[in-house]
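Just below is one structure, and these are the notes that go with it.
The values are calculated or read from the model by the stated rules, or taken from the named source; none is laboratory data. Owing to the predicted nature of the structure, the values given are computational and were not obtained by experimental measurement. Cβ: placed from backbone, ideal geometry, glycine included. Neighbour counts: every protein chain shown.
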Amino acid sequence: MRYETDAVYIHIPFCNYICAYCDFCKVFYNKKYINKYLNTLEKEIKTNYRGELITSLYIGGGTPSSLSIDELEKLLDILKIFNLSKDCEFTFESNPDSLTIDKIKLLKKYGVNRVSLGVETINNKLQDIIERRTDKDTVINCIINIKNIGITNINVDLIYAIKGETLEDLKQDLEFLISLDVPHVSTYSLIIEDNTKLKINNIKNIDKSLDREMYDTISSILKDNGYIHYEISNFARVGYQSKHNLKYWENKHYYGFGTGASGYIDNIRYTNTRSITKYIDGKFIYNTEVLTKKDEMFYEIMLGFRTNKGINKKEFNDKYNVNIKDVFDYKKLVINRILEENNNYLKVNEEYFYVLDEVLMKLIEKFL
């Protein structure tokens, strides 16, 4: 069966420097590869895009802002192939230190209306650990420039639970982010991933109880400052929830183009190769997963419960031709207030967001 697909993710793997925690598909910026990569990206898009109306386009990385003006314009020209809706959310990921005024003007010219900035932390001690290079003034000036050029939908990323970080450190980072007056904040507890410098240097995760305290502190402070905790790791002012990321959490179908990108087309989830050389040689896809109806229902639950809205029971019924209560035995979880249910939605009580994995395990143990 062919499903509607109205979202696109584009991966740009190049970075001016590699952060110690990052396990995304990335390589050092190397000019000799850029044009070849962009030419291959254009070929992949033309081969696979079916002409649908696109309501969400997201350029991520890597560090897309590491591209030069000419390279960035070539990328944006390639993306003209997409049939974008008038209200398409067009997001561009960047680092504050590589997003110049000229680049912002170019983004605006090509229709980018949302910018996501990797701030992570402005604490020098913590920056040294995760190997970031962002100072307060650079972040402030970058955001002023973005707003002055007419892009007001801005996200900033925060990383917390870094070795040696205190609650006071976290509160200072949050105070700074709030002072920036941006409508969206994404927060991520530091995970020590394999094949990262942190792992090689034997850096350990912080104590779980402190991690939980930090999570609750973030939620409390951001909500007190007008942000809605609309997804486990994401906070937004009214009307600024990420349309693109909601596509993922609502288990919608989307294209993924570029190295390491993932996509979900019809009943197939796929992931592209992380190898630049293989990608340039036209060997795009690394692996595919053909989903059964049971698989699709599992993803629906696993992703949908990440949001404060949860699962639309009627949509679940219409999509899979089955009542959700006949598939998942969740009655006890509702009685114990772990899940909340009304006529339209089934969702996780926000108090249990932090332990969502445990909630899911209880929910699907009989399903699996």
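Considering only residues that are polar (S, T, N, Q), surrounded by 16 or more Cβ atoms within 10 Å (Cβ to Cβ) and either not in a loop (DSSP other than H, G, I, E, B) or not assigned by TED's automatic domain parsing to the domain that holds K136 (or both), which ones fall in the stretch 173-216? If the condition is that a residue be polar (S, T, N, Q), surrounded by 16 or more Cβ atoms within 10 Å (Cβ to Cβ) and either not in a loop (DSSP other than H, G, I, E, B) or not assigned by TED's automatic domain parsing to the domain that holds K136 (or both), then S186, T187, S189 are the ones that fit. Checked against (1) outside any helix (DSSP H, G or I); (2) closer than 30 Å to L75 by Cα; (3) in contact (Cβ under 8 Å) with a residue 40 or more places away in the chain, H229 passes all but a single condition, namely (2). Filter the stretch 313-356 down to the residues that are in a loop (DSSP other than H, G, I, E, B) and aromatic (F, W, Y), then identify the one that is nearest to K208 (Cα to Cα). Among them, the one singled out is Y330.
Residues in the stretch 130-150 that are more than 21 Å from the chain's Cα centre (by Cα) and of a type in the set (A, V, I, L, M) were compared, and the one that is surrounded by the fewest Cβ atoms within 10 Å (Cβ to Cβ) is I144. Being crowded, with 16+ Cβ neighbours inside 10 Å, among the hydrophobic types (A, V, I, L, M, F, W, C) and touching a Leu at 6+ places or on another chain (Cβ under 8 Å) holds for only one residue in I338, I301, I276, I268, and it is I301. N16 meets all of the listed conditions (1) under 22 Å from the mean Cα position of the chain (by Cα); (2) crowded, with 16+ Cβ neighbours inside 10 Å; (3) modelled with pLDDT under 95 but one, namely (2).
Restricting the stretch 19-60 to residues that are buried (at least 18 other Cβ atoms within 10 Å of the Cβ), among the β-branched types (V, I, T) and under 20 Å from the mean Cα position of the chain (by Cα), the residue that is farthest from F82 (Cα to Cα) is I59.
What number of residues in the stretch 217-245 are hydrophobic (A, V, I, L, M, F, W, C) and surrounded by fewer than 16 Cβ atoms within 10 Å (Cβ to Cβ)? Counting residues in the stretch 217-245 that are hydrophobic (A, V, I, L, M, F, W, C) and surrounded by fewer than 16 Cβ atoms within 10 Å (Cβ to Cβ) gives 1.
K32 meets each of the listed conditions (1) more than 15 Å from R274 (Cα to Cα); (2) in contact (Cβ under 8 Å) with a residue 12 or more places away in the chain apart from (2).
Going by what's in this entry, would R114 be described as out of contact with any Pro (no Cβ under 8 Å at 6 or more places or on another chain), under 24 Å from F176 (Cβ atoms) and assigned by TED's automatic domain parsing to the domain that holds V156? Yes; evaluated as a whole, the condition is true for this residue.
In this structure, is E350 within 24 Å of D216 (Cβ to Cβ), within 27 Å of the chain's Cα centre (by Cα) and exposed (fewer than 12 other Cβ atoms within 10 Å of the Cβ)? No: the conditions fail for E350. For the stretch 357-367, the set of residues classified as in a loop (DSSP other than H, G, I, E, B) and either at pLDDT 95 or above or not charged (D, E, K, R) (or both) consists of F367 only. Here T91 fulfils each of the conditions (1) over 20 Å from S186 (Cβ atoms); (2) modelled with pLDDT of 95 or more apart from (1). Would the stretch 63-86 turn up any residue that is within 21 Å of S189 (Cα to Cα), of a type in the set (V, I, T) and touching a residue at least 12 places away in the same chain (Cβ under 8 Å)? Yes, the conditions are met somewhere in the stretch 63-86.
Here is a check on your reading of the model: is Y3 outside any helix (DSSP H, G or I), under 28 Å from L190 (Cβ atoms) and either of a type outside the set (K, R) or not assigned by TED's automatic domain parsing to the domain that holds Y240 (or both)? The answer is no for Y3.
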